[in-house]
């Protein structure tokens, strides 16, 4: 028996307006409801994607099209007998998590713009691009037959972006027995030899420390448009990274940003895509799914992404210190870290998103989470005489939770960290003070840096902004 599949066609508007026209045939007739995702993995806030839907129509039994009625903000009612639906999506935002049409480029993040039937997440998907020239190049982790992409189920299709362009730069490399692909769109691309070599370095290092990789392949999709953007989003077996205008990638600072984002996103292949909070296992795209573990999802990844650049030789110790200085400056200049814990701030990303919000109200899961990860890393190394580290714990979490796709809880996480540190309560102080509490971290940071042979200081500049300085101690 053939498995039920949703058949979708996509087509750009012939007027060259940034509108994507979609049509889908579902393997059952109405009545039923169709859902558009309300958020996307990697961005823990409501995305309100229905605001970009221009129209939504279902085909009646006589072959005419009828506007569909909503049952809530992101759901539409398919009437009895309806199985075919069409809609139009405004596609003019270009970041790593969007859907965008530009001359010579179609970039689609299905979680923005593809409908699903909530009671049948197991249905497969076939997505056919109708108007894309045959000679254009595809970049995606999804399997493809000619102009049709295939996904096993709704979870896979929603987490599998693709881009197809008139021209893409493509390179491959192997690391830890895994095939990696780099795809890049734009007028300018980084120095290719160095770009590939650095990717291979941090990929090999991360795989060696985790001792295995979740998939047999992985795709880096880069977009270097001629508009301002800087963004990265993780997916099951790929990532999308944007930096623009494209000339930025030719500068040293732009290149450093890119390679930092890339290492961060690859670490997500384990942490978040597999080692995932229980609230996101599996993803429920129909509603907000707040979790207090954003500091693990993004904070640990931020810290480890930069650490692996150093561990793999992509940057030297001075380069790591400069990255840590910038992180710590964001930390010490945000009074919100002393008002709301990073666990509470994780939960509240769903309330006020990633905006600055009320001054001094909350902290950043990226920044405060990374600071906490650094303190945990050093404390584990101190307690074990350097035999174990936070990465030891992450590798154990990968084995116990990630591989089996068991949802992670805060007690699970801290239990494993304590175990790696040699007992059952060794890191309770860090959890109480800096994960669940709002205690100031400065003395702990100075001590942790000192243990690693580094001196950390802070001073206000002429504008009153606190600046962090990390220097190596004299031998």
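The values are calculated or read from the model by the stated rules, or taken from the named source; none is laboratory data. These numbers were taken from a predicted model, which means no experiment stands behind them. Don't worry about glycine lacking a Cβ; one is built from the backbone with ideal geometry, like all the others, and counts go over all protein chains shown.
For the stretch 123-140, which positions are part of a loop (DSSP other than H, G, I, E, B) and closer than 19 Å to residue 185 by Cβ? Don't jump to the end; show me each part of the working.
The first filter runs over the stretch 123-140 and keeps only residues part of a loop (DSSP other than H, G, I, E, B), leaving 123, 130-136.
Correct list: 131, 132, 133, 134, 135, 136.
Could you name every one of the strands (runs of 3 or more DSSP E) located completely within the stretch 1-90 that has at least 2 residues being more than 30 Å from residue 279 (Cα to Cα) and not assigned by TED's automatic domain parsing to the domain that holds residue 290?
Qualifying strands (runs of 3 or more DSSP E): 5-12, 19-25, 53-59, 65-67, 84-90.
Within the stretch 86-100, work out how many residues are within 12 Å of residue 10 (Cα to Cα) and surrounded by fewer than 21 Cβ atoms within 10 Å (Cβ to Cβ).
2
Kindly indicate which of 328, 383 is in contact with a strand residue (DSSP E or B) (Cβ under 8 Å, 6 or more places away or on another chain), assigned by TED's automatic domain parsing to the domain that holds residue 300 and farther than 16 Å from residue 275 by Cβ.
Working: 383 fails: in contact with a strand residue (DSSP E or B) (Cβ under 8 Å, 6 or more places away or on another chain).
Matching residue, one of 328, 383: 328.
Listed residues 162, 210; which is under 14 Å from residue 240 (Cα atoms), surrounded by 18 or more Cβ atoms within 10 Å (Cβ to Cβ) and at pLDDT 95 or above?
162
Within the group 466, 372, 408, 456, which residue is in contact with a strand residue (DSSP E or B) (Cβ under 6 Å, 6 or more places away or on another chain), under 30 Å from residue 352 (Cα atoms) and buried (at least 20 other Cβ atoms within 10 Å of the Cβ)?
408
Exactly one of these conditions fails for residue 199: (1) touching a helix residue (DSSP H, G or I) at 6+ places or on another chain (Cβ under 8 Å); (2) in contact (Cβ under 8 Å) with a residue 40 or more places away in the chain; (3) assigned to a loop (DSSP other than H, G, I, E, B). Give me its number.
Here residue 199 clears every test but (3).
If I ask for residues that are assigned to a helix (DSSP H, G or I) and surrounded by fewer than 19 Cβ atoms within 10 Å (Cβ to Cβ), which ones from the stretch 396-405 would you list?
Once the filter is applied, which keeps residues that are assigned to a helix (DSSP H, G or I) and surrounded by fewer than 19 Cβ atoms within 10 Å (Cβ to Cβ), the stretch 396-405 yields 396, 399, 400.
Take the conditions in contact with a strand residue (DSSP E or B) (Cβ under 9 Å, 6 or more places away or on another chain), at pLDDT 95 or above and part of a helix (DSSP H, G or I) and apply them to residue 247. Does it pass? Step through it out loud before you land on a result.
Working: in contact with a strand residue (DSSP E or B) (Cβ under 9 Å, 6 or more places away or on another chain): yes; at pLDDT 95 or above: yes; part of a helix (DSSP H, G or I): yes.
Yes, satisfied.
If I filter the stretch 215-223 for residues that are farther than 16 Å from residue 108 by Cα and crowded, with 18+ Cβ neighbours inside 10 Å, do I get at least one hit?
yes
Can you find a residue in the stretch 338-347 that is in contact with a strand residue (DSSP E or B) (Cβ under 9 Å, 6 or more places away or on another chain), touching a residue at least 40 places away in the same chain (Cβ under 8 Å) and closer than 25 Å to residue 465 by Cβ?
no
A quick yes/no check of all residues on (1) part of a strand (DSSP E or B); (2) in contact (Cβ under 8 Å) with a residue 40 or more places away in the chain:
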{"site": "156", "(1), (2)": "no, yes"}
{"site": "172", "(1), (2)": "yes, no"}
{"site": "180", "(1), (2)": "yes, yes"}
{"site": "193", "(1), (2)": "no, no"}
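Exposed (fewer than 13 other Cβ atoms within 10 Å of the Cβ) and more than 26 Å from residue 345 (Cβ to Cβ) - does that describe any residue in the stretch 423-437?
yes
Among the residues that make up the stretch 270-278, is at least one of them modelled with pLDDT of 95 or more, in the same structural domain as residue 437 (by TED's automatic domain parsing), more than 25 Å from residue 110 (Cβ to Cβ) and surrounded by fewer than 23 Cβ atoms within 10 Å (Cβ to Cβ)?
Within the stretch 270-278 (the criterion being modelled with pLDDT of 95 or more, in the same structural domain as residue 437 (by TED's automatic domain parsing), more than 25 Å from residue 110 (Cβ to Cβ) and surrounded by fewer than 23 Cβ atoms within 10 Å (Cβ to Cβ)), the answer is no, since none of the residues qualifies.
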